[in-house]
Amino acid sequence: MKKSALSMKQSYIVCAVGIAVLFGLLMAVCESGAANTYIKGILMTCCIAVIMTTSLNLTVGVLGQLTLGCCGFEMIGAYSAALLSKLIVAKGIAMDPTVRFLLTIFAGAVIACIFGILVGIPALRLHGDYLAIITLGFGEIIRVVLQNIPAAGGVGLDKGQAGQALIGIDRIANLYVVFWITVITVVLLFMFARSRYGRAVKAIRDDEIAASASGLNITYLKVLVFAISAFFAGLAGGIYAQYMGSLTPAYAGWLQSTNYVIMVVFGGMGSLTGSILSAIVLTILPEALRAFSDYRMLAYSVVLVVFMIFRPQGIFGSWEFSLPKLINRIIYRNGRGGAAKAAIAAESAAAADTVDAAVSGESAASVASAASAESAGKEA
């Protein structure tokens, strides 16, 4: 019997079909009118949260380094994409909105990646709480600088006054396009985590000294992970900017970064499945509790505390959901597995019949022997 009911090619096809079905459901909900503007906005926010959480999980879960400055990279990507989009419009460059959207978010992601490299080279020499503090400081620096840059809505560093929001950004983010960007992001991060680079990064997480002694370039791999995480954070920021239509530097603060870290821990560090689910749940939960506006954040906090007490490793721990594995399990349990069980049951029944027959034969022989002995005694 084969170890897998599905080949590698068939597994890829199954995953592609599953994603296509999910996209079809999304289109059906949106096009049928079942989802109003508010629901579509929540779905868009969920996609942004998934990109941010999965990219942060690469640093916190796979690499094992705590960082609190992810929103700093997100805002770098957001402001870069927004300013580039406004520049294209101001120059009168004719461009399809979707093309402009993709071009600007990619440019913002590249700029965020560059800053990720510049910050990662000195910062990743530290560990644990020290790394968290330096990345927290980086996020605050980004927030203050953005508040005072005139091009970003500020009044200038020499004035010493907090700036205002950057407004007038074209809202050209499309939910369908963002959905596929989210899918591509998750697939790329999943492939990286299971590549030889991902295995090397996990070795660093488990034992950095042993990994260094094995010949791994610790600094290169850490900066690589940090840069990839910053790239996708900048990508999410570009989407956010062109969905909201305005930006405020306060979003780059530590509070929102902590919220994304909570999502990673809630889902399970090292599990992209957990990051996706927790990003969706923790984005929808505050909105679902909006009817209890006075107590919704209290309820949100209580849910997190209770969950961390009884499930500290997160929802999934390090486990990943796999649709091909699920289908294989169903096939073996209901198909070949059922036939195998039936065959085993038939063999067991046959063996039982044989034993019963043998026992019956022995009993008959014993009775016959006893009768013969009794007859012989009477004759004697």
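The values are calculated or read from the model by the stated rules, or taken from the named source; none is laboratory data. This structure is a prediction, so every number in the text was calculated from the model and none was measured. Heads up, the Cβs are rebuilt from the backbone with ideal geometry, glycines too, and the neighbour counts pull from every protein chain shown. These area figures cover heavy atoms from the full protein model, side chains too; ligands, DNA and RNA do not enter into them. Shrake-Rupley method; radii C 1.70, N 1.55, O 1.52, S 1.80 Å.
Looking only at the stretch 180-215, how many residues end up being open to solvent by 60 Å² or more (accessible area, probe 1.4 Å) and in a loop (DSSP other than H, G, I, E, B)?
Selection size over the stretch 180-215: 4.
Checking the conditions here, which among Ile284, Ile327 is of a type in the set (Val, Ile, Thr) and open to solvent by less than 60 Å² (accessible area, probe 1.4 Å)? Talk me through it step by step, then tell me what you get.
Numbers: Ile284 fails: open to solvent by less than 60 Å² (accessible area, probe 1.4 Å).
Step by step, each of Ile284, Ile327 is checked, and only Ile327 is of a type in the set (Val, Ile, Thr) and open to solvent by less than 60 Å² (accessible area, probe 1.4 Å).
Looking at Leu272, is it under 30 Å from Val187 (Cβ atoms) and modelled with pLDDT of 80 or more? Please lay out each step first, then the result.
Values: under 30 Å from Val187 (Cβ atoms): yes; modelled with pLDDT of 80 or more: yes.
Against the criterion (under 30 Å from Val187 (Cβ atoms) and modelled with pLDDT of 80 or more), Leu272 qualifies.
Which one of these is surrounded by 14 or more Cβ atoms within 10 Å (Cβ to Cβ) and either touching a Cys at 6+ places or on another chain (Cβ under 7 Å) or not β-branched (Val, Ile, Thr) (or both): Ala90, Ala151, Ala94, Ala81?
Ala81
Give me the pairs, please: first residue somewhere in the stretch 166-192 and within 23 Å of Glu31 (Cβ to Cβ), second residue anywhere and open to solvent by less than 30 Å² (accessible area, probe 1.4 Å) and not in a helix (DSSP H, G or I), beta-carbon distance under 9 Å, and either six or more positions apart or on two chains.
Taking only residues 6 or more apart or on different chains, the pairs are Arg171/Gly245.
Would you confirm whether any residue within the stretch 3-18 is modelled with pLDDT of 90 or more and open to solvent by less than 40 Å² (accessible area, probe 1.4 Å)? Explain how you work it out, then say what you get.
In the first step, residues of the stretch 3-18 are kept if they are modelled with pLDDT of 90 or more; the result is none.
No, the stretch 3-18 has no match at all.
Which residue, of Ser301, Ser275, Ser214, is of a type in the set (S, T, N, Q) and within 13 Å of the chain's Cα centre (by Cα)?
Working: Ser301 fails: within 13 Å of the chain's Cα centre (by Cα); Ser214 fails: within 13 Å of the chain's Cα centre (by Cα).
Answer to the selection: Ser275.
For the stretch 228-243, give me each residue that is aliphatic (A, V, I, L, M) and either within 15 Å of the chain's Cα centre (by Cα) or open to solvent by less than 10 Å² (accessible area, probe 1.4 Å) (or both). Give the steps one after another, and end with the answer.
Here is the first cut: in the stretch 228-243, the residues aliphatic (A, V, I, L, M) are 228, 230, 233, 235-236, 239, 241.
Ile228, Ala230, Ala233, Ala236, Ile239, Ala241, listed by residue number.
Checking the conditions here, which among Ser278, Ser271, Ser257, Ser214 is among the polar types (S, T, N, Q) and without any contact (Cβ under 8 Å) to a residue 12 or more places away in the chain? Please lay out each step first, then the result.
Working: Ser278 fails: without any contact (Cβ under 8 Å) to a residue 12 or more places away in the chain; Ser271 fails: without any contact (Cβ under 8 Å) to a residue 12 or more places away in the chain; Ser257 fails: without any contact (Cβ under 8 Å) to a residue 12 or more places away in the chain.
Just one listed residue meets the conditions, Ser214.
Out of the residues in the stretch 247-272 that are open to solvent by 10 Å² or more (accessible area, probe 1.4 Å) and more than 30 Å from Ile149 (Cα to Cα), which is nearest to the chain's Cα centre (by Cα)?
This residue is Leu272.
In the stretch 120-132, which residues are open to solvent by 30 Å² or more (accessible area, probe 1.4 Å) and in contact with a helix residue (DSSP H, G or I) (Cβ under 7 Å, 6 or more places away or on another chain)?
We begin by selecting, within the stretch 120-132, every residue open to solvent by 30 Å² or more (accessible area, probe 1.4 Å); these are 121-122, 125-130.
Within the stretch 120-132, Ile121, Leu126 qualify.
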